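**Student:** Please read through the structure below; I'll follow up with questions.
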Amino acid sequence: MKPFHVAQVSNRLYRRLPACRPFDFMKRSQISSVSRLEIGDTAGWKPALRNAGLVFGIALLVLFVLAPRPALGQAPDVPIYKQGRKEFEQDDKVAAAAKELFTSGKAVKLAQAKEQIKRTSCQIIVPPTNSTRLRPQELCVLGRASHLRVGWGYYCDKCDDWHINLAGGYVINTNGAIATCYHVINPAHEIKDGCLVAADEDGKVFPVTEILAANRYSDAAILKVEAEGYKPLPLNTNVYPGDRIFCYSDPLDHRGYFSEGIINRFYQFPGRWSFGASASTANRPTRINVSTDWAPGSSGSAVLDEFGNTIGHVATIGVLTGQEFNEDEGTVVRGPTMIVFHDAVAARDVLLLIKAPN
Ligand SMILES: [Zn+2]
């Protein structure tokens, strides 16, 4: 089974939707119904959930009567996201800002991007790793502060409209260098022309002014954005299976989703997958299996360790299902989900794009 990329699934995972409609503009009902098909059969859970829901509802009602009513459902300063139609309002603003950057020529356009994406290394300075352990809520704040949405604003050659298609990225130094996936910035076929942009968590939009270096095989890329004052994440390669990790990303348009997990294992691609990297085993791209949660839309988002370093970034998700034989029809059908693999690009492969200054 070939894992699919997490940012660019709109035409593959959601193939029942018109190909020209990027993920950003899909209705939530379509997303949830289709994604449930992909994740596995949950129909069997529903009756149990209904009863549990009833009991939970009654319990809530009792609590509602007995308990004093708090003003907020969360601690002060915790961001609240808009779910449903409202959530697209910010995207409309980001799309408009991206179009302006395209018109003004401040951001890297398609033709330039196709050239610059061939650059194999850059000279930048990144901060040393942190060694002070942080609490999960501090890591969430840090994850949010260093997280940018990155990708294309573009004219679509299928419908001639202006769309945006953004996934994740993270700040790696104070001079505007950010890291993301190669597949996030690699222009899709339906882009007639467009430009690369980044947006912060408050919806402020910045031009990507340059692709500094990229590697298709490791799925790592470093860009320069015209944005300052963001908290950079140091890149940590001194990591072990079992290490506690965290991920802040936007899976399936659920903005600001924070999850915890551990490092499961490290692996390298054999043969064909490693072409383009140096032939030696040492330089083959390294992937990390982790147990944090992510989904399409999360690509390029940082995976943090307990100290507020990044150990790499979100690359792919692979849903492995079994096969069942339908005796009535004599056909093989897809069985239940057996395991979901979350594969991250290793911080090492981002560092391999950086050459020490002479
Ligand atoms: Zn379109």
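The values are calculated or read from the model by the stated rules, or taken from the named source; none is laboratory data. Just so it is clear, the model here is predicted, and its values are computed rather than measured. Positions of Cβ are backbone-derived with ideal geometry, glycine not excepted, and every protein chain shown enters the neighbour counts.
**Student:** Sort out which residues of region 146-167 are among the small types (Gly, Ala, Ser), away from the ligand (no atom under 16 Å from the Cβ) and within 22 Å of Glu115 (Cα to Cα), and write them in order of number.
**Tutor:** Looking only at region 146-167, we keep the residues that are among the small types (Gly, Ala, Ser), and these are 146, 151, 153, 167.
Among the residues that remain, those that are also away from the ligand (no atom under 16 Å from the Cβ) are: 146, 167.
The answer is Ala167, and nothing else.
**Student:** Using the structure shown, decide if Asp160 is under 23 Å from Pro79 (Cα atoms) and in a loop (DSSP other than H, G, I, E, B). Steps first, answer last, please.
**Tutor:** On the way: under 23 Å from Pro79 (Cα atoms): no; in a loop (DSSP other than H, G, I, E, B): yes.
Against the criterion (under 23 Å from Pro79 (Cα atoms) and in a loop (DSSP other than H, G, I, E, B)), Asp160 does not qualify.
**Student:** Let me ask something else about it. Residues that are touching an Asp or Glu at 6+ places or on another chain (Cβ under 7 Å) and within 22 Å of Thr180 (Cβ to Cβ): find the strands (runs of 3 or more DSSP E) completely inside region 281-358 holding 3 or more of those.
**Tutor:** The strands (runs of 3 or more DSSP E) meeting that bar are 286-290, 310-326.
**Student:** Same structure again: Here is a check on your reading of the model: is Lys99 under 24 Å from the mean Cα position of the chain (by Cα) and within 21 Å of Asp161 (Cβ to Cβ)? Give the derivation first.
**Tutor:** Details: under 24 Å from the mean Cα position of the chain (by Cα): yes; within 21 Å of Asp161 (Cβ to Cβ): yes.
Spelling it out, Lys99 is indeed under 24 Å from the mean Cα position of the chain (by Cα) and within 21 Å of Asp161 (Cβ to Cβ).
**Student:** Only one residue in Leu252, Leu223 is on the phi > 0 side of the Ramachandran plot and touching a Ser or Thr at 6+ places or on another chain (Cβ under 8 Å). Which one?
**Tutor:** On the way: Leu223 fails: on the phi > 0 side of the Ramachandran plot.
That would be Leu252, the only listed residue that is on the phi > 0 side of the Ramachandran plot and touching a Ser or Thr at 6+ places or on another chain (Cβ under 8 Å).
**Student:** Determine which member of the set Ala214, Ala221, Ala198, Ala188 is out of contact with any helix residue (DSSP H, G or I) (no Cβ under 9 Å at 6 or more places or on another chain), outside any loop (DSSP other than H, G, I, E, B) and under 30 Å from Asn283 (Cα atoms).
**Tutor:** Numbers: Ala214 fails: out of contact with any helix residue (DSSP H, G or I) (no Cβ under 9 Å at 6 or more places or on another chain); Ala221 fails: out of contact with any helix residue (DSSP H, G or I) (no Cβ under 9 Å at 6 or more places or on another chain); Ala188 fails: outside any loop (DSSP other than H, G, I, E, B).
Every option except Ala198 fails the conditions.
**Student:** May I ask you to say which residue of Glu201, Glu210, Glu190, Glu115 is more than 16 Å from the ligand (Cβ to nearest atom), at pLDDT below 95 and acidic (Asp, Glu)?
**Tutor:** On the way: Glu210 fails: at pLDDT below 95; Glu190 fails: more than 16 Å from the ligand (Cβ to nearest atom); Glu115 fails: at pLDDT below 95.
It is Glu201.
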